[in-house]
Amino acid sequence: MKFAVIVFPGSNCDVDMFHAISDVLGEEAEYIRHDTGNLDRFDGILLPGGFSYGDYLRSGAIARFSPVMQAVVKAAEAGKPVLGVCNGFQILLESGLLPGAMLRNAGLKFICKTVSMRVENTSTMYTSMYKALETIQIPIAHGEGNYYCDAETLRKLKENKQIVFTYEDNPNGSIANIAGIVNEKGNVLGMMPHPERAVEALLGSQDGIKLFQSIVKNWRESHAVIA
């Protein structure tokens, strides 16, 4: 399986993402610039964390207009897995690929620590390797990770089981403790915690690797040749 790791000006978690895919997962990964217009040759798209374009307007608001985002939208519409982590999640929200918005953390401070979160839905292409309601340890590092949506959107997220991860101890004030959501089709995931920083024991947790293993497992099953 071949992954595109999208690099925006200001991305700083692209190397972490590349390492998780290439060195730990053992799959193919390639850095792709923000001005690239075609992603057809990739099987999965990864939007890493960082501070795209300095986040001087709103987190992800400028990156949303990068040429590569048209190709990301095309990949999402084709059903390919599109994962946005931290700033990548914010970009997915700004681009309309996921509903809702991000506010400043409730305490108005940047938070960098490992948090406990619960796997709410194991039927997605990102979570099939986890157990139902499994508690996992994943790092966060953000100042604007307070997920918000209106009551109707929240109702739909719950009804459609689009809430994939929730915080055990909500560190940023997100509505309904939301840490990660998928689109209605289930192929676009946005999450604030960093699974790519939890793929080796040396990093303090290996709980994140199952997310990437789930993607590959789903992809291989869907592309299996029936003899």
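The values are calculated or read from the model by the stated rules, or taken from the named source; none is laboratory data. This structure is a prediction, so every number in the text was calculated from the model and none was measured. Quick reminder, even Gly has a Cβ in these numbers, built from the backbone with ideal geometry, and neighbours come from all protein chains shown.
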Quick check on the range 185-197. Is at least one of its residues crowded, with 17+ Cβ neighbours inside 10 Å, of a type in the set (Gly, Ala, Ser), in contact with a strand residue (DSSP E or B) (Cβ under 7 Å, 6 or more places away or on another chain) and outside any strand (DSSP E or B)? no
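Looking at the range 28-45, is at least one residue over 15 Å from the mean Cα position of the chain (by Cα), part of a loop (DSSP other than H, G, I, E, B), of a type in the set (Phe, Trp, Tyr) and under 22 Å from residue 181 (Cα atoms)?
We begin by selecting, within the range 28-45, every residue over 15 Å from the mean Cα position of the chain (by Cα); these are 28-43.
If we keep only those that are part of a loop (DSSP other than H, G, I, E, B) too, we end up with 34-43.
Still in the running and of a type in the set (Phe, Trp, Tyr): 42.
Checking which are under 22 Å from residue 181 (Cα atoms) leaves us with none.
No, the range 28-45 has no match at all.
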Quick one: what pairs do we get from the range 142-156, first residue free of Cβ contacts under 8 Å to residues at least 24 places away in the same chain, second outside any helix (DSSP H, G or I), C-beta under 7 Å, 6+ apart or different chains? none
Identify the residue in the range 132-180 that is small (Gly, Ala, Ser) and over 15 Å from the mean Cα position of the chain (by Cα) and, among all such residues, is nearest to residue 88 (Cα to Cα). 143
Of the conditions (1) of a type in the set (Gly, Ala, Ser); (2) outside any loop (DSSP other than H, G, I, E, B); (3) surrounded by fewer than 18 Cβ atoms within 10 Å (Cβ to Cβ), residue 173 fails just one. Which one is it? (2)
Test of understanding: among 187, 183, which residue is touching a Leu at 6+ places or on another chain (Cβ under 8 Å), closer than 24 Å to residue 78 by Cα and in contact (Cβ under 8 Å) with a residue 40 or more places away in the chain? 183
Could you list, in sequence order, the residues of the range 105-129 that are within 16 Å of the chain's Cα centre (by Cα), within 20 Å of residue 197 (Cα to Cα) and either among the polar types (S, T, N, Q) or part of a loop (DSSP other than H, G, I, E, B) (or both)? 125, 126, 127, 128
Mind checking which residues of the range 73-94 are crowded, with 19+ Cβ neighbours inside 10 Å and of a type in the set (Gly, Ala, Ser)? 75, 76, 84, 88
Checking residue 57 against (1) closer than 27 Å to residue 149 by Cα; (2) part of a helix (DSSP H, G or I); (3) without any contact (Cβ under 8 Å) to a residue 24 or more places away in the chain, only one condition comes out false. Which one? (2)
Mind checking whether some residue in the range 33-44 is closer than 26 Å to residue 135 by Cβ, out of contact with any Pro (no Cβ under 6 Å at 6 or more places or on another chain) and either at pLDDT 95 or above or exposed (fewer than 14 other Cβ atoms within 10 Å of the Cβ) (or both)? no
Consider the range 60-73. How many of its residues are part of a loop (DSSP other than H, G, I, E, B) and within 17 Å of the chain's Cα centre (by Cα)? 2
Complete set of residues in the range 120-142 that are under 12 Å from residue 161 (Cβ atoms) and either crowded, with 18+ Cβ neighbours inside 10 Å or among the aromatic types (Phe, Trp, Tyr) (or both): 120, 121, 124, 127
Selection status of residue 166, free of Cβ contacts under 8 Å to residues at least 24 places away in the same chain, of a type in the set (Val, Ile, Thr) and either surrounded by fewer than 23 Cβ atoms within 10 Å (Cβ to Cβ) or not in a loop (DSSP other than H, G, I, E, B) (or both): no
